[in-house]
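Q: Here it is, the structure, as structure tokens.
Laboratory data are not the source of any read-out in this text; all were calculated from the coordinates shown. Keep in mind the model is a prediction, meaning the values are calculated, not measured. Every residue, glycine among them, receives a Cβ derived from its backbone with ideal geometry; neighbour counts consider all protein chains shown.
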Amino acid sequence: MSNVVTRIAPSPTGDMHIGTARTALFNWLYARGRNGKFLLRIEDTDKNRSTDAAQDAILDGMKWLGLDFDGEPISQSKRAPRHVEIANKLLETGKAYKCFLTETEINDLRNLAINNKSPSAFRSPWRNALPSTFPKKPFVIRIKAPENGFTVIKDEVQGDIVIKNSQLDDMILLRSDGSPVYMLAVAVDDHDMGVTHIIRGDDHLNNAARQNLIYSALNWAIPVYAHIPLIHGEDGKKLSKRNAATSVIEYKKMGYPAAAMRNYLARLGWSHGDDEFFTDEQAKTWFNLQSIGKSPSRFDFKKLSNISKLHIANTDNAALLHELTGYLKAMGQPAFSQAQLNSLLKSLDFTKNAVKSFSELIEKNRFILQERPISLEPDIEERIKDLPLNVLKILTPQLQNVRWERNYLEELLNLVCEQIELKFRDVAPILRAALAGSSKTPSVFDMMIVLGRVETIGRLIEFEDTYKN
Ligand code: GLU
């Protein structure tokens with residue numbers, strides 16, 4: 001085990017966002033590729049916005065994406081006593097102070113600073129007050145931000161960000177009701193969890209400077225930062241419900257395999273040469289902070305589909321069946337029967353090769369998942385009267401005796417076509433309709449082999465009986 005510790009620290013306030021999934025993935029890859037630890041902290045201090053459902057969505061999303069974390073999830077709100085303890089420690093060591101300003105007084109001070117065009121950050125007049133002057137009034141605890149010098153955020157993606165200390169407020173650590181603020185909670189938790197690398201969205205870059213104030217005041221080692229640019233939609237605007245699906249669960253429901261999502265999300269803002277398609281093992285070995293791009297990445301559904309296609313084609317049948325089962329469950333559909341599972345195991349060999357998603361894969365396997373009577377798709381229903389149904393009368397009896405192997409079946413079909421002076425392509429639509437109820441099916445012979453003699457003949461007879469004029 002190396003000393004690398006990363007974390008994902010989502011706020012449980014809605015669906016799990018695809019950006020959170022990408023951040024989690026980057027942290028997971030970084031830790032797993034270095035034999036380190038990857039932790040999950042739920043930032044649930046905002047009681048008005050945090051919900052159990054949102055927390056479940058995060059856990060479900062992580063599980064689906066295969067982003068396993070070490071130990072139990074850590075609840076930030078449960079650690080409040082520790083945050084208070086640290087604020088008091090800062091108070092005792094003179095790194096923080098009690099501030100008795102009222103809301104009105106603070107506003108007056110701020111307005112004064114604006115009118116005087118004062119460039120400096122907020123400093124309370126209580127900063128250096130003697131305890132003997134303290135009133136018996138509610139107070140907050142503020143950090144004593146350094147007045148001179150600079151704070152440098154060394155960021156692996158953004159480079160060095162230099163901020164004048166005179167621009168950093170004496171921010172509040174504990175509110176007047178004694179509750180800790182978010183910024184304190186994050187710094188204390190990251191320290192206590194032993195986090196060595198903070199990889200997160202660059203919308204948190206400003207927070208890093210303030211969190212560094214806390215680290216420095218406590219003489220804690222500052223973690224390595226990597227603030228990653230956000231994800232944009234195909235229109236170049238920030239990813240939102242208007243330009244893309246934003247929640248992880250939507251991608252699950254669209255039928256993308258988790259491995260494809262991991263592969264695609266890894267490519268979203270990070271690269272390894274021109275490699276587009278890779279395995280988890282490769283990604284874990286290759287992933288580094290230096291190759292994270294500096295500008296926002298664009299979500300590209302076409303690329304996701306292409307990667308998805310490759311993953312589906314390259315997954316072995318048993319694993320694919322397992323994932324398909326999970327997909328059905330997520331869609332609230334009934335599970336496969338044992339007979340369907342047996343047939344699917346055979347049919348995946350020829351159905352998994354050119355599909356972008358599990359929904360397309362299921363569609364291709366419609367011939368297995370349908371039971372008699374086979375329902376027809378609307379476009380077939382309309383065209384049925386134009387098809388040469390008489391072929392069935394000749395073909396079906398001969399299917400009773402043919403050897404049930406692909407080349408014998410092909411030979412028989414060719415003979416029958418010759419007999420009725422039609423081409424196979426004229427006859428195939430009837431067989432597709434009878435066997436699958438659809439025009440988009442695997443090869444007629446592949447379907448026959450998987451369905452077997454009895455079921456194939458059963459479907460052809462029933463079709464003929466139902467649709468003969
Ligand atoms: N809770 C923050 C969020 O959901 C992340 C904070 C952090 O990574 O430091 O965006």
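Q: Go over the candidates Ser50, Ser11, Ser2 one by one and state the one that is among the small types (Gly, Ala, Ser), assigned to a loop (DSSP other than H, G, I, E, B), buried (at least 17 other Cβ atoms within 10 Å of the Cβ) and more than 10 Å from the ligand (Cβ to nearest atom). Spell out the reasoning first.
A: Values: Ser11 fails: more than 10 Å from the ligand (Cβ to nearest atom); Ser2 fails: buried (at least 17 other Cβ atoms within 10 Å of the Cβ).
The match here is Ser50.
Q: Something else now. Restricting to segment 14-47, name every residue that is among the aliphatic types (A, V, I, L, M) and either part of a loop (DSSP other than H, G, I, E, B) or in contact with an Asp or Glu (Cβ under 8 Å, 6 or more places away or on another chain) (or both).
A: Passing the criteria: Met16, Leu39.
Q: Working carefully through the options Ile86, Ile58, find the one that is within 11 Å of the ligand (Cβ to nearest atom), hydrophobic (A, V, I, L, M, F, W, C), touching a residue at least 12 places away in the same chain (Cβ under 8 Å) and in a helix (DSSP H, G or I).
A: Exactly one of Ile86, Ile58 is within 11 Å of the ligand (Cβ to nearest atom), hydrophobic (A, V, I, L, M, F, W, C), touching a residue at least 12 places away in the same chain (Cβ under 8 Å) and in a helix (DSSP H, G or I), namely Ile58.
Q: With respect to the numbered conditions (1) free of Cβ contacts under 8 Å to residues at least 24 places away in the same chain; (2) in a loop (DSSP other than H, G, I, E, B); (3) touching a helix residue (DSSP H, G or I) at 6+ places or on another chain (Cβ under 7 Å), which one is the sole condition not fulfilled by Pro388?
A: (1) is the only condition that Pro388 fails.
Q: Among the residues of segment 214-245, write down those that are more than 12 Å from the ligand (Cβ to nearest atom), of a type in the set (Phe, Trp, Tyr) and crowded, with 19+ Cβ neighbours inside 10 Å.
A: Matches in segment 214-245: none.
Q: Test Ala96 against the criterion of being more than 25 Å from Asp15 (Cβ to Cβ) and in contact with a Lys or Arg (Cβ under 7 Å, 6 or more places away or on another chain), and give yes or no.
A: Against the criterion (more than 25 Å from Asp15 (Cβ to Cβ) and in contact with a Lys or Arg (Cβ under 7 Å, 6 or more places away or on another chain)), Ala96 qualifies.
Q: In segment 407-443, what residues are closer than 14 Å to Ile368 by Cα and surrounded by fewer than 18 Cβ atoms within 10 Å (Cβ to Cβ)?
A: Lys440, Ser443
Q: Counting only residues that are touching a Leu at 6+ places or on another chain (Cβ under 7 Å) and closer than 27 Å to Phe278 by Cα, which one in segment 325-360 is surrounded by the fewest Cβ atoms within 10 Å (Cβ to Cβ)? Write out each step before concluding.
A: Within segment 325-360, the first condition is being touching a Leu at 6+ places or on another chain (Cβ under 7 Å), and the residues that meet it are 335-336, 340-341, 344-345, 348, 351-352, 355, 358.
Filter again for closer than 27 Å to Phe278 by Cα, leaving 344-345, 348, 351-352, 355, 358.
Working: Leu344: 22, Leu345: 14, Leu348: 21, Thr351: 26, Lys352: 21, Val355: 20, Phe358: 24.
Only one residue tops the list, namely Leu345.
Q: Can you tell me which of (1) under 18 Å from Asp192 (Cβ atoms); (2) of a type in the set (D, E, K, R); (3) within 14 Å of the ligand (Cβ to nearest atom) is the one Lys78 doesn't meet?
A: The single condition Lys78 does not satisfy is (3).
Q: Quick one: which strands (runs of 3 or more DSSP E) lie wholly within segment 126-213 and hold at least 3 residues that are within 16 Å of the ligand (Cβ to nearest atom)?
A: Strands (runs of 3 or more DSSP E) meeting the threshold: 197-201.
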